[in-house]
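Each value in this text was obtained by applying a stated rule to the coordinates, not by laboratory testing. Model, not experiment: these values are computed from the prediction. Every residue, glycine among them, receives a Cβ derived from its backbone with ideal geometry; neighbour counts consider all protein chains shown.
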Amino acid sequence: MHEPLVYLNGDFLPLSQARISVLDRGFLFGDGVYEVIPVYGGHPFRLRQHLDRLGDSLRGIRLEPPFGHDEWERIAAGLLDGREADQSLYLQITRGAAGNRDHAFPVAVTPTVFAMASPIPSPNTEKLQKGIAVVTLDDVRWQLCHIKSITLLANVLLRQQATDEGCDEAILIRDGQATEGTVSNLFIVKDGLILTPPKSHHLLPGITRDLVLELAASANLPCAEALIGLPDLESADEIWLTSSTREVMAVTTLNGRAVSDGTPGPLWRRMIQLYQACKERLRTGADY
Ligand SMILES: Cc1ncc(COP(=O)(O)O)c(C=O)c1O
């Protein structure tokens, strides 16, 4: 079997031959940003939105975008060529390798640009049907969570804490308000109304989050942005977590207690149908 090709600084090469300097600022400082884009039937899902967010993340860390959407599309096509299964496209840019380890930005250093594609694991049908268990944890992350930074240590530690407590994900609470999950955005349903926290520096502007809001609006399902406190979470009729790779997951256990009757709710079932229909339209080449 051929080794998968990855993209590194202008070249497509086998993964085992991709090398970066140990002085790369991504390695030393986590000084970089990334994107994860699902690809269905060879078609990247919401590519423009992902690339726009990548541009925002780059501006957020004061790094010039290395190139425009066309070049990213060329790289994506190169990585996806010949791959049948659904893929996840990973893009990462760091501030590059300077000659020494100094926190201040280096002068005239070329950013490191890396991209790879890997098969998306098929959704866990049991978790889809039964929903997932989550725990609430203190949001100990920094103040710039709207940037999709590779500096993910707080997310990693929080996610591990959730795993240690037998849960699939953590919902993070900052100053009494739920922000998002460690790798996902948050929705609740209360009395037929779908709610999600407004965008701010305390959460990632999820591409799936925006799509879920769009799908809800197009299906005339009432939805709004609103602050969600811990009591709102605890009294929610439904809780959902969204992300590009996990799509829309129903949370059926919160801090060891059942959400409603402990099964995925009716609005979640409607939303997941709408979401799957979108994916299927994308497979036929429709613009999504
Ligand atoms: C912290 C965080 N919030 C939200 C999301 C969901 O974003 P998207 O729907 O764009 O995948 C992610 C995805 O990785 C994430 O890491």
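Quick check on the exposure proxy: order Thr163, Thr196 from fewest to most C-beta atoms within 10 angstrom.
So the residues, fewest neighbours to most, are Thr163, Thr196.
Against the 2.2 N^0.38 Å scaling, with N counting residues, where does the chain land? I'd like the Cα-based Rg ratio to two decimal places.
1.03
At R0 = 25 Å, how high is the FRET efficiency between Thr110 and His69 if r is their beta carbon distance? Nearest 0.05 is fine.
About 0.80, to the nearest 0.05.
What fraction, in whole percent, of alpha-carbon pairs in region 5-119 exceed 21 Å separation?
Distances greater than 21 Å cover 37 percent of the Cα pairs.
Could you go through region 235-240 in sequence order and give the Karplus-derived ³J(HN,Hα) for each residue, using 6.51 cos²θ - 1.76 cosθ + 1.60 with θ = phi - 60°, rounded to whole Hz, and x for Gly and Pro?
9, 5, 6, 9, 10, 10
With a ≥ b ≥ c taken as the square roots of the eigenvalues of the C-alpha gyration tensor of region 125-283, please select rounded if a/c is under 1.5 and otherwise prolate if a/b is larger than b/c or oblate if it is not?
Judged from the Cα gyration tensor, region 125-283 comes out rounded (a/c under 1.5).
Between Val107, Thr163, Asn124, whose Cα lies farthest towards the positive end of the dipole of region 102-163 when Lys and Arg beta carbons carry +1 and Asp and Glu beta carbons carry -1, centred on the Cα centre?
The residue sitting most towards the positive pole is Asn124.
Quote to one decimal, in nm, the extra length available between Trp142 and Asp164 on full extension: 0.36 nm per residue of separation minus the C-alpha distance between them.
Answer, rounded to one decimal: 5.6 nm.
Given the peptides 262-272, 74-84, 179-189, arrange them by the average over their residues of other C-beta atoms within 10 Å, most packed first.
Listed from highest to lowest mean packing, they are 179-189, 262-272, 74-84.
Full-extension gain between Asp287 and Asp56, please, as 0.36 nm times their residue separation minus the C-alpha to C-alpha distance.
Once the chain is fully extended between Asp287 and Asp56, it gains 80.9 nm.
What number, rounded to the nearest 500 deg cm²/dmol, is the helix-based mean residue ellipticity at 222 nm of the chain, given -39500 (n - 2.57) per DSSP H run of at least four residues and division by all its residues?
-8500 deg cm²/dmol, from helical runs alone.
Once the Cα atoms of helix 153-164 and of the chain are each reduced to a long axis, what angle between those two axes, in degrees from 0 to 90 to the nearest 10, is obtained?
40
Between Ala217 and Thr263, how many nm apart are label points set 7 Å from Cα along the C-beta direction?
3.3
Taking the Cα-to-Cβ direction at Lys130 and at Asp237 and moving 7 Å from each Cα, how far apart do the two end points lie in nm?
So the two model labels end up 2.6 nm from each other.
According to a simple spin-label model (label point 7 Å from Cα along Cα-to-Cβ), what is the distance in nm between His2 and Lys279?
2.7
Compute the FRET efficiency between Arg270 and Arg48 as 1/(1 + (r/R0)^6), taking r as their Cβ-Cβ distance and R0 = 25 Å, and round to the nearest 0.05.
0.40
Can you bin region 45-180 into rounded, prolate or oblate? Criterion: square roots of the alpha carbon gyration tensor eigenvalues sorted a ≥ b ≥ c, rounded for a/c under 1.5, prolate for a/b above b/c, oblate for the rest.
Note, shape of region 45-180 comes out oblate.
Could you tell me which residue out of Phe45, Ala97, Gly78 lies farthest along the dipole of region 5-119 toward its positive end? Charges go on the beta carbon: Lys and Arg +1, Asp and Glu -1, centred on the Cα centre.
Positive-end residue among those listed: Ala97.
Which of rounded, prolate or oblate describes region 92-165 when judged by the alpha-carbon gyration tensor and an a/c cut-off of 1.5?
oblate
If you average the C-alpha positions of region 270-286 and of region 99-147 separately, how far apart do those two centres end up, in angstrom?
25
Peptides 46-55, 103-112, 205-214: what's the order by average Cβ count within 10 Å, highest mean first?
Output ranking for 46-55, 103-112, 205-214: 205-214, 46-55, 103-112.
Connecting C-alpha atoms closer than 10 Å in a GNM of the chain, tell me which of His202, His43, His69 has the biggest fluctuation.
The residue with the greatest mean-square fluctuation here is His69.
Of the DSSP beta bridges with both residues in region 81-234, give the percent that are antiparallel, rounding to the nearest 5.
Restricted to region 81-234, the bridges split so that about 65 percent are antiparallel.
Going by how many other Cβ atoms sit within 10 Å of their own, how do Asp70, Asp232 line up, fewest first?
The most exposed by this proxy come first: Asp70, Asp232.
Placing unit charges on C-beta atoms (Lys and Arg positive, Asp and Glu negative, everything else neutral), compute the dipole magnitude of the chain about its Cα centre in debye, rounded to 20.
240
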